[in-house]
Amino acid sequence: MFLKVLLVIVFTMLFAGILYGSEESIEIIYFGHSMFLIKSSSVSIVTDPFNPAVGFPLPDVKADIVTVSHEHSDHNNVSLIKGNPVIVRGSIEAKGIKFTGIPSYHDNRGGTLRGNNTIIRWTLGGITFAHFGDYGEDELTEEQYEKLKGTDVVFIPVGGVYTIDASKALNIIQKISPKMAIVMHYRTDSYGLKVLASIEDIKKGDPWTRKDAIQDKDLKELPTDKDQDHIYGDTIKP
């Protein structure tokens, strides 16, 4: 199965792409940390909204649904999101979309260091997504793998310290074999938690220099507004 690992460097900390599913196109916007906006023509979903302490510019965003992987303040700032969204923290149906919460840990010691984490999986526009939140286990359990098989797009942390690092993330990506993997929870020179690995250092790692990894130079610059200097994107077909 064709795999793309998406590495993004955007100085405004915004990434946008269009995914073409069997039913309609899906737009993804990346605001930094673990926060994305995924939207179709009928519904919009925000994942793990961060707080000011993370160091990214706080976006002005409205959504129908907000997913929260765990109750740490850099991932559960739901008051940031306008539109009176439905809050999804696990398995639930919202706005006609079935969300599945897959239990996991925020660390590799059974949650004794940082507690629980939920991988949230859903299908929108014929494309199945899985957001890993602050996944900290060294590898997928068999139960997690069985529930993640067939996922088209994964959002996975790579910054280490509080989550898995890039090497462990790559092993998980290879096991699930999605059509696209979008990395998150890292820092740049200007934004993000300083203790996390930088996206530049991650890109220098040998596994991430493979031919199937998209570098920022391969991303298309998309039209944007006056407040957002650069937005980058890519497309896939499931």
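The values are calculated or read from the model by the stated rules, or taken from the named source; none is laboratory data. Note that the structure is a prediction, hence the values are computed from the model and not measured. Heads up, the Cβs are rebuilt from the backbone with ideal geometry, glycines too, and the neighbour counts pull from every protein chain shown.
What the table shows:
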read-out: Subset tally (residues that are modelled with pLDDT under 95 and either assigned to a strand (DSSP E or B) or touching a helix residue (DSSP H, G or I) at 6+ places or on another chain (Cβ under 9 Å) (or both)) for segment 130-139; value: 4
read-out: Residues of segment 167-199 that turn out to be closer than 26 Å to G55 by Cα, without any contact (Cβ under 8 Å) to a residue 60 or more places away in the chain and touching a helix residue (DSSP H, G or I) at 6+ places or on another chain (Cβ under 6 Å), as a count; value: 1
read-out: Criterion violated by G115 - all others in (1) touching a helix residue (DSSP H, G or I) at 6+ places or on another chain (Cβ under 8 Å); (2) within 27 Å of I176 (Cα to Cα); (3) in contact (Cβ under 8 Å) with a residue 24 or more places away in the chain satisfied; value: (1)
read-out: Complete set of residues in segment 74-112 that are small (G, A, S) and in contact with a helix residue (DSSP H, G or I) (Cβ under 7 Å, 6 or more places away or on another chain); value: S104
read-out: Hits in segment 65-111 - residues which are touching a residue at least 12 places away in the same chain (Cβ under 8 Å), within 18 Å of T128 (Cα to Cα), part of a loop (DSSP other than H, G, I, E, B) and in contact with a strand residue (DSSP E or B) (Cβ under 9 Å, 6 or more places away or on another chain); value: V68, S69, R89, G90, K95
read-out: Residue within segment 209-217 that is at pLDDT 85 or above and either over 20 Å from D138 (Cα atoms) or touching a Cys at 6+ places or on another chain (Cβ under 6 Å) (or both) present; value: no
read-out: Residue count for segment 153-176, restricted to those that are surrounded by fewer than 18 Cβ atoms within 10 Å (Cβ to Cβ) and part of a loop (DSSP other than H, G, I, E, B); value: 1
read-out: Within segment 177-200, considering residues that are within 16 Å of A166 (Cβ to Cβ) and polar (S, T, N, Q), the one surrounded by the fewest Cβ atoms within 10 Å (Cβ to Cβ); value: S198
read-out: Test result for E221, at pLDDT below 85 and of a type in the set (D, E); value: yes
read-out: The lone exception for G136 - which of (1) farther than 20 Å from K179 by Cβ; (2) buried (at least 20 other Cβ atoms within 10 Å of the Cβ); (3) touching a residue at least 40 places away in the same chain (Cβ under 8 Å) it fails; value: (3)
read-out: Filter result (surrounded by fewer than 18 Cβ atoms within 10 Å (Cβ to Cβ), polar (S, T, N, Q) and at pLDDT 90 or above) within segment 52-80; value: S79
